[in-house]
Amino acid sequence: MFLKYFLLLLIYVIFLNIFSYSNTYNKFKKIRSVSDTDDDIFYRFKRKMYGDIHKFWISPIYFHIGLGLNSTAILLALSEIQQHTCIEFVKAEQMTKQNCGISFVYGNQCSSTIGRISTKSWQNIILGGKNCLHKGGIQREILHTLGMFNEENRYDRDNYVVFIKKNIDPRYIRKFMKYSCKILYTYNQPYDYGSLMHSGAYAYSYNGQKTLWPRDNLYGSTIGSNDMISFIDFKTLNLHYCKNRCKNKLICLNEGYQDPSNCNRCKCIHGFTGIRCENVLFDQPSCKYILIEAKQKAQTLKILGIKNCLYHIFTHKGKRISMFVDNMNLYPNEKTVCRNENSVEIKYYKNKGVSGARFCLKDNAITIASHDHHIMIHYHSSMISNYVSIKFKAVEKSYFQRQCIRNAFASKSFFKKRGYNLMV
């Protein structure tokens, strides 16, 4: 009798463990979800997950490009991911069961599943919708297939974005699901408004009104700018797929991380260089005044014409920088979101690995308060008529504790005592 009850108890415990195991997954889990496609398909795939949730793509990953697709754009998208990670892609001329991988298929939508479905069959990425005709849109679907969720699916997203539920098409409400930290691994990376995986302000709107908005209003034109993979996106991919590639660990500075393809150096954010990202990048052709000290007297930085330059504005530790974007003309671009080209990106958070806030067109009278003693400005223009004018000065850290900070230094009178004009 005792043996009978013991066996029943043992079976019950085994069942619980299996159930618990099948529900433990992370940001790179094998949930089947479809992006940018029909809601019925989304719901059906959403309920499925691959049996062995610890399996993900093993490099090299074979791929096949179907008829009717822009193979040049696809190859460029894959090449850039391969260049910045340890993931290798190999083109397969024929689709065989021996080398299953990713199959790019032409369709009338942008569709992919999150993570790998099976090692015994080819997995489709459907391309053809208006959002996946360019490199960034293609890469977004590839990153989904490699296992990455949208940024706004993070468990901590409510600290960074506000959802306007009344404007969301009810058919796609599940697109905005939030997953706990047990389900979605962030690898301790900060929330990134500029992530390729972040949806735009009007995503799945049924009435043309905003469906989500950043709590930091300055990032309103940054979210949804799906034209390039962000530094945090690449870093997250490497932490997941490549973290065990280097036996000897290298400590990187300025938010860099160890290069899995060359373990003797670090991958640096744009603006820093060196083996450990310890040096400011000065080698920028046609760029002057790369390193600028903010002082108590206001200065004006004017950037003109065709340039791709990154500037560091710094002051003494313990102080902060107040900034006022006085005037700009950055065309062509879009009304609701600023693409990387013909924009100015300003990084004012302490963590400079996070994407900066992007501004373009005629975004004037912008006020910015730095989170530490350092601001980075990336000006990217392909038109000779473009320009931006930025005023800045150093202030005490306590100054930003005032509730009226934005009103105080938004006015030009705050910068009336100009120290220098820097024309670059």
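Kirkwood analysis of the Cα pair distances in the range 105-261 returns a hydrodynamic radius of 17.0 Å. Among T145, T211, a tally of other beta-carbon atoms within 10 Å of each Cβ gives an order, fewest to most, of T145, T211. From least to most packed, judged by other beta carbons within 10 angstrom and beginning with the fewest, R339, R154 follow the order R339, R154.
Counting only Cα atoms, the range 285-398 measures 39, 28, 25 Å along its principal axes, largest extent leading. Here K210 is the anchor, and the aspartates and glutamates within straight C-alpha reach of less than 13 Å, apart from those fewer than 8 places off in the same chain, are D169.
Can you pull out the trypsin sites (Lys or Arg not before Pro) in the range 275-315 whose DSSP state is coil and whose Cβ has at most 13 other Cβ atoms within 10 Å?
Details: sites: R276, K288, K295, K297, K302, K307; in loops: R276, K288, K295, K297.
Passing sites in the range 275-315 are K288, K297.
Would you compute the Debye intensity of the range 154-238 from its alpha-carbon atoms alone, equal scatterers and no solvent, and pass along log10 I(q)/I(0) at q = 0.12, 0.14, 0.25 Å⁻¹ to two decimals? Log10 of I(q)/I(0), two decimals: -0.36, -0.49, -1.37.
Fewest-first ordering of S382, S322, S205, S180 by other beta carbons within 10 Å of each residue's beta carbon gives S180, S382, S205, S322. Taking each of K307/K352; K243/K302; K97/K135 in turn, the alpha-carbon distance tops 32 angstrom for K243/K302. Computed from backbone phi with θ = phi - 60° and the Karplus coefficients 6.51, -1.76 and 1.60, the 3J(HN,Hα) list for the range 296-309 is 5, 7, 5, 10, 10, 9, 10, 10, 10, x, 7, 7, 9, 10 Hz; x is used for glycine and proline. When you filter the chymotrypsin sites (Phe, Trp or Tyr not before Pro) in the range 240-316 for DSSP loop state and at most 10 other Cβ atoms inside 10 Å of their Cβ, you are left with F282. Backbone geometry of the range 343-349 corresponds, through the Karplus equation with coefficients 6.51, -1.76 and 1.60 at θ = phi - 60°, to 3J(HN,Hα) couplings of 8, 10, 10, 10, 9, 10, 6 Hz, x marking Gly and Pro.
Bear in mind that the values in this text are calculations on the coordinates, not laboratory data. These figures come from a predicted structure and were not determined experimentally. Every residue, glycine among them, receives a Cβ derived from its backbone with ideal geometry; neighbour counts consider all protein chains shown.
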